[in-house]
Every structure is written in C-alpha cells, then in structure tokens.
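Worksheet: one structure, shown below.
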Amino acid sequence: MQAGRQMRLVAYLKTGPTALHVGGWRHPEATLDDILSPQRYQQIAVLLEQACFDACFFADLFGLYDLHGGSYDAYLRRGGQISFLDPTVVLPVMAAATRHIGLGATLSTSFHTAYHLARWLGSLDAMSGGRVAWNVVTSATDLEAQNAGLDALPPREQRYDRADEVLEACCALWEGWDPDALVLDKAAGILADPAKVRYAHYQGQWVKTRGPLSIPRSPQGRPVIMQAGSSDRGRDFAARWAELIFTTQRDPADMRAFRDDIHARMAARGRAPADCAILPGISVVLGETESIARERADYLNSLIDPELNLAASSSSLGADLTRLQEGGSLEALQGHQGMQGTRDVLEQAMKAEGLTLREAAQRRNTGREIVGTAAQVADRLEAIFTSGACDGFVLAPTMFPGMFEQFCRSVVPELQRRGLFRTRYPGTTLRDTLRG
C-alpha cells in the first residue's frame, strides 16, 4: 500500500424502507414514519458529514419493480428497495443542511436529454458549492423504458454508446462557461461576460444539443462522475469517465482483479489510477463483543423474507425467476435486461457454496455483512484496503439509521486512530475530498 494512503467512504442510500438488506426495515429500531420527511435526509447527511464521509448517494429506479411473478405484489407488500421519493428533490434539502459531504444522484442516460441532465446536475453542483456526484446508469429493466415511453430497453452496447454521447454533450455544456464568466459588476453594469460563454453545438448519432447552459460553472467545474457497471462494456465506460466506481465483489482477490482490470483499461486511455477511486460495497453488524454482534446479525437475517430476496434478484437480473425451469437458461429470460453485477454476485455464491441459482437468489442478502466489534470490523476493512484490493468502501445500511450511527460512532474513530481515514475535509468540493 502507498504510504499515507487513506480510504474513501461513501454511504449507499434509498428514499424508501430498505437499502440492500431486505429485512432491515422490520428491525424494531428502524425508522419508517419519517420516510417522506425532509428531516430524515437532513439528519443522515449531517451524521455522515460529522464522520467525514466522502459522499452519500441515492440508488434509484425509474419506476416500481414488477418483474417477479409479473406483479409488484411481492416487492411492495414485503418491503423491497422502493424509491418513495425522487432523489433529485431530496438532495437539495441535504445540501442546505451540510457544507462538505458529497451528494450523489442516480440518473439514466437512456431516458433523459443531455441538456436536462446538465441543467439539473449543474444547478445543484453550483448551489452546493461543488459537491455533486452523478451515478451514471444506462438502466437495466424494460419497465423503466416503458415509463419513459419506449417499448423495451435497447441492447446494452447501444445504451452505452448513447451514454458516451450524453457524457460528451453534458461536458460540452458544463464547459461552456469559463470560471470567471460571471462578473456581477454593478458599477460597470456588467452581469456576465458573453465572450466567456459558448454554445455546445454537440451532435452525435444519438444525442444532439445546442446550448449554452444558463448556469455558471460550479466551484469543481462539473459533477464528479460515478459508475457501477460490471459488464465488459460497462468497464470500458468506467475507464473513460468514472472518478468513483461502486463495485460488488465479495472476495478481496476478486476485488483486486477488478481494480487491476479497471486500472489497465484506464492506462490505455492515458488515465492514472489516482483519477478513480474503486469502492466495493459492504454492510456491517456491530456489537460490544463478537458474540453480541453475531447474535444481532442472526436476528437481522431472521427478518429476511426469502421470497422478497428472490423478487429482488429477479428485479436486478431483469429476469422473472418464477419462470425459471429446472436446468433452464437465465439468458432465455433476460434478453437485454439485467445488471451484470447482480449476476456476478449470484455466480460467486453458487460457486463458493455449491448453490443452485434459486438458492443463491433466495439467500442473496443473507450473511454478507462484516460482523464483529468496532475493532474487528476496522481490522477487516484495514486488511482489505491495505492489500491493494480497493480504495475504500461503499457502506450500505442493514437497518436505518442505526447501522450508520453505530459505524460513525465506533468504527470511524478506530479507522482515524489508525491513520486510515481523515479527521477533516481537505477542501470544499467533492473532487477535492476524493483526491485528498
């Protein structure tokens, strides 16, 4: 490990009852009655900022999952990952309550125009003082396409080709204002210098936009680009654009292989490893002793509904697992849908534990947590980080907000004591924070 290197920490959030751990919302200490309240999101942003987290971001879906059994019954009734609120409405509330923490939105390049994306993200980036991240997705389900007026998703390659053009167009729009274009000189009667504002005049195969934006450049120039694609095409996209990657490997060897692969692809594009932080997702269960932590983990996992786990896997795979016959092909059900990362996670579990696809899907979120005392969890994170397997972690809650409160109160100080995590923010923008 490079001397003095410190890990990055990003929080995974949803504007709904649960995030990844499908039983967490049923825990007696989980809060539910404030899901539609601004205070819920302000409080978690303040908590994470006090612990010096790099950022938090909202995973999102442009609709309500209804793949499993051809209905949203299991997902809605049993409490799946539902977005009750549009994160683009929630993030400005969080920005107003904080000064340093990065704020990430998941927005699809497949359904929104480049100008709309550049305008919304540029506005929040300017208002927050340069703290916005864009988790770029191409979307993975036909239901989202149908909500956007399409019959089905285009093929993955085409979605990523369009995504490249959307990013090119957005960057052209954001770069259309020089940093000093806004003059604000009352005495001279000059609001802005038109010579320092330019049209984008972008035209590709899929995307066309004229510009210019009406939004002055933010303190960090443009939002930080975040990405989570695991397919070969997704990795190429990340190697070109990403400054932050959320990945799904469980085993440190797999994490290291993924990181090495991304770095090789980045090098081929002339980018340095330091240009992008690669963060696998984790969850933790903490206790005063290891036995207490394991008892808490067992209780949490007893709250998981296997049918909901199966429904969540159907949704992420883009394939209705209720239709999967014994020995049948997943590819026959998937078509253009599905997330490669989910498939990778299930295949890893099938290989490691000798499970069928259905068994792996039913146990998808069971036993994935790092369990122990604060020191033991810190030991595990340190071992993974210092081995060179990653640049930090994306932390997903088991139960909300308790897991974040416990982690910030006990694990973060232990990491700071070891010199593995910052004690203050190094600058004012998210890009400053990520680059230390």
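The values are calculated or read from the model by the stated rules, or taken from the named source; none is laboratory data. Owing to the predicted nature of the structure, the values given are computational and were not obtained by experimental measurement. Glycine also receives a Cβ, built like all others from the backbone with ideal geometry; neighbour counts cover every protein chain displayed. Just so you know, the surface numbers come from the protein's heavy atoms only, side chains and all, with ligands and any DNA or RNA stripped out. Shrake-Rupley method; radii C 1.70, N 1.55, O 1.52, S 1.80 Å.
If you bin every alpha carbon distance in the range 1-131 into 10 Å steps from zero, what whole percent lands in each bin? Once binned at 10 Å, the Cα pair distances of the range 1-131 give 11, 37, 33, 16, 3, 0.
The residues neighbouring residue 385, those whose beta-carbon lies less than 9 Å from its own, together hold a net charge of -1 under the Lys/Arg +1, Asp/Glu -1 convention.
Where does helix 306-317 land angle-wise versus the long Cα axis of the chain, in degrees 0 to 90, nearest 10? So the inclination is approximately 40 degrees. Take the Cα of residue 264, step 7 Å toward its Cβ, do the same at residue 5, and the gap between the two points is 1.8 nm. With R₀ set to 41 Å, the beta-carbon distance separating residue 272 from residue 323 gives a calculated FRET efficiency near 0.35. From largest to smallest, the equivalent ellipsoid semi-axes obtained for the range 190-327 from the alpha-carbon gyration tensor read 41, 22, 19 Å. If the label point is 7 Å along Cα→Cβ of residue 123, which residues in the range 221-265 have backbone nitrogen under 17 Å from it? Flagged as within label range: 223.
Each semi-axis of the equivalent ellipsoid for the range 181-229 is √(5λ) with λ an eigenvalue of the Cα gyration tensor; in descending order they amount to 29, 17, 6 Å. Between exposed GluC sites (Glu not before Pro) in the chain, where DSSP calls loop and at most 11 other Cβ atoms lie within 10 Å, what's the longest gap? Looking at the chain, 30-287 is the longest stretch - no exposed GluC sites (Glu not before Pro) with at most 11 other Cβ atoms within 10 Å.
Over all other residues within a Cβ to Cβ distance under 12 Å of residue 238, the charged ones net out to +1, with Lys and Arg as +1 and Asp and Glu as -1. The antiparallel fraction among DSSP beta bridges confined to the chain stands at about 15%.
Each listed q (0.10, 0.12 Å⁻¹) maps to a log10 I(q)/I(0) for the chain from the Debye sum over equal C-alpha point scatterers, namely -0.70, -1.03. Computed over the chain, the per-residue total of -39500 (n - 2.57) for DSSP H runs of n ≥ 4 gives a 222 nm mean residue ellipticity of -12000 deg cm²/dmol, rounded to 500.
Our note on the geometry: Cα centres of the range 48-62 and the range 148-185, 23 Å apart.
A 1.4 Å probe run over the chain, with the rest of the protein chains in place, finds 42 Å² accessible per residue.
Projected label points at residue 188 and residue 208, each 7 Å from Cα along the beta carbon direction, are separated by 3.8 nanometres.
The order of 208, 186, 14, 196 by accessible area, most exposed first and with a 1.4 Å probe, is 186, 208, 196, 14. Per atom type, the chain shows carbon and sulfur on 50% of its accessible surface, probed at 1.4 Å. Panel note: the C-alpha atoms of the range 110-165, placed on their principal axes, show extents of 38, 21, 16 Å (largest first).
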